[in-house]
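The values are calculated or read from the model by the stated rules, or taken from the named source; none is laboratory data. As the structure is a prediction and not an experimental result, all values here were calculated from the model. Positions of Cβ are backbone-derived with ideal geometry, glycine not excepted, and every protein chain shown enters the neighbour counts. SASA here: full protein model, heavy atoms, side chains in, ligands and nucleic acids out. Shrake-Rupley method; radii C 1.70, N 1.55, O 1.52, S 1.80 Å.
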Amino acid sequence: MRRNPRAAACAGVVREGQLLLARSPGPGGVPEWVLPGGGMEHGEDPYGTVRREVEEETGYRVEVTGLLGVDSTRRAFPARLGRSVDHHGVRLVHEGRIAGGGLRDELGGSTDLAARHPLDAVPDPVRVRMVDIGLRPWRERPAAGRVETA
């Protein structure tokens, strides 16, 4: 079995009661809203990842104001071309504050639209599970940085 570790960092950026999200092409071409963020480059500092990814995907420069929590997942994928994959993903969820720049869409990247959505309707259209995973520690502020799943 091949091991596939992945680390990512994303940001919950709330301003004036609105959460900053980016839209990504989803499975079957149905767009999904995501927290701005992405995979860490080898040797990259997670804070650098958050700042780089948020700016790439939304146009805003952010100051990382804290670590909200850590999400860890592990899944096995069936064999493709003779080898199955043991995937382990670790996602660091940071809180960010807009420090500059301006809202714009990403061109030629992993997302195609950036927008701010009211917290009470985040967003009613399709969103990835990570938006909810990121919002829970933002709302609950767990001391250990982890919200236990039911």
Quick check for you: with a 1.4 Å probe and neighbouring chains kept, what is the accessible area per residue of the stretch 24-150, in Å²? 59
When every alpha-carbon pair in the stretch 50-105 is counted, what percent end up more than 17 Å apart? 56
Run the 1.4 Å probe and let me know the accessible area of ARG97, rounded to the nearest 10 Å². 120
Label assignment, semi-axes √(5λ) of the Cα gyration tensor in Å derived from the structure, set (1) 32, 18, 14; (2) 25, 18, 16; (3) 34, 20, 13: (2)
What angle do you read, to the nearest 10 degrees and between 0 and 90, between the alpha-carbon axis of helix 129-140 and the longest principal axis of the chain? 50
By how many degrees, between 0 and 90 and to the nearest 10, does the Cα long axis of helix 46-58 differ from the longest principal axis of the chain? 70
Using a Förster distance of 22 Å, how high is the FRET efficiency between ARG97 and ARG129, based on the Cβ-Cβ distance and rounded to 0.05? 0.35
Using only the alpha carbons of the stretch 33-80, determine the length spanned along each of the three principal axes and report them from longest to shortest in whole angstroms. 41, 26, 20
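Using DSSP, restrict attention to beta bridges with both residues in the chain and report what percent are antiparallel, rounded to the nearest 5.
Numbers: 32 of 45 bridges.
Percentage antiparallel, nearest 5: 70.
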At 7 Å along Cα-to-Cβ for each site, give me the label-to-label distance between THR65 and ARG104 in nm. 2.5
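Using 0.36 nm per residue of separation minus the Cα-Cα distance, give me the extension gain between GLU44 and ALA115 in nm, one decimal.
Working: separation 71, 0.36 × 71 = 25.56 nm, distance 2.66 nm.
Gain in length upon complete extension: 22.9 nm.
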For the stretch 1-52, the Cα-Cα pair-distance distribution in 5 Å bins from 0, as whole percents, is 4, 17, 19, 18, 19, 15, 6, 1, 1, 0
Carbon + sulfur, % of accessible area of the chain - ligands and nucleic acids excluded, 1.4 Å: 51
Using Cα pairs under 8 angstrom and six or more residues apart, how large is the relative contact order of the chain, in percent? 32
